[in-house]
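See below for the structure under consideration.
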Amino acid sequence: MLQFIATLKARRNRIVNRALQRGIGDSIVEEQEGTLRSKTFYNFFEEYSKPYSSIRQWVEPLRMILIGTSQKVMRQKVLFYCAIVHAFVDTFDSEHKYIRDRVSYPNKLNEAKRRDLRYRIFGEYLPMVRNSEKYWRIPRKNT
């Protein structure tokens, strides 16, 4: 798990800077009965919806980036990050008891991002990921 966290935090892989990552992460956690727990979606949205919500201030830069995915460079960066998150989910829920198995989308990534996934991410950061080809190899069509 720590290898995935380090991968997602790395400067070349992340979508927003570390301060925003931490702020967003902290905004979804609350203390209940002396322990930290994730907020329910309802509680998160209720707090986010307030006009001067601190959560809104942390999430807004990420929201603007996601809105900007009509630009190819930003879309590639988000798709690249999502491929790493997809590998994380598949690795820790390999039997897909909690989240159904999803098809990856290497055909939506450009050649440079696929190569980066293959050699840098799964070759150096996450060599323990089984079947990493799912995330970077475009399947051949049966003809």
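Taken together, the values in this text are just the output of simple stated rules run on the coordinates, not laboratory data. Since the model is a prediction, treat every value here as computed from it, not as a measurement. Heads up, the Cβs are rebuilt from the backbone with ideal geometry, glycines too, and the neighbour counts pull from every protein chain shown.
Neighbouring Cβ atoms within 10 Å as the yardstick, rank HIS86, HIS96 fewest first. Write down the numbers at each step before the final one.
Numbers: HIS86 18, HIS96 11.
Taking fewest neighbouring Cβ atoms as first place, the list is HIS96, HIS86.
Rounded, prolate or oblate: which fits the range 59-115 when a ≥ b ≥ c are the square roots of the eigenvalues of the alpha-carbon gyration tensor, with rounded for a/c under 1.5 and prolate only if a/b beats b/c? Note, shape of the range 59-115 comes out oblate.
Centre-to-centre, using Cα atoms only, the range 1-73 and the range 114-143 are separated by 27 Å.
Which net charge results for the neighbourhood of GLU124, defined as the other residues with beta-carbon distances under 12 angstrom from its beta-carbon, given Lys and Arg at +1 and Asp and Glu at -1? Spelling it out: positives minus negatives among the neighbours equals +2. Going from the residue with the fewest nearby Cβ atoms within 10 Å to the one with the most, LYS108, LYS113 rank LYS108, LYS113.
When the C-alpha to C-alpha distance is required to be over 31 Å, the pairs from LYS50/LYS134; LYS50/LYS108; LYS77/LYS141; LYS113/LYS141 that qualify are LYS50/LYS134; LYS50/LYS108. Converting phi to 3J(HN,Hα) with the Karplus coefficients 6.51, -1.76 and 1.60 and the offset θ = phi - 60°, the range 129-135 yields 6, 7, 6, 5, 4, 3, 8 Hz in sequence order, with x at every glycine or proline.
Candidates LEU66, PRO139, ALA10 compared by Cα position along the dipole of the chain: farthest toward the positive end lies PRO139, with charges placed on Cβ.
What residues of the range 9-23 lie in the reach of a label at GLU60, counting those whose backbone N is under 20 Å from a point 7 Å from the Cα along Cα→Cβ? Once the point is set 7 Å along Cα→Cβ of GLU60, 15-23 turn out to lie under 20 Å by backbone N, inside the range 9-23. Modelled spin labels at ASN43 and TYR105, positioned 7 Å past Cα toward Cβ, are 3.1 nm from each other. Our Cα-only numbers for the range 2-136 put the radius of gyration and Dmax at 16.5, 49 Å. In percent, rounded to a whole number, the relative contact order of the chain is 23, using alpha-carbon pairs under 8 Å and six or more apart.
Here the chain is assigned +1 on the Cβ of each Lys and Arg and -1 on the Cβ of each Asp and Glu. Its dipole about the Cα centre then comes out at about 960 debye.
In the chain, helices alone account for a calculated mean residue ellipticity at 222 nm of -14500 deg cm²/dmol, with every DSSP H run of four or more residues adding -39,500 (n - 2.57).
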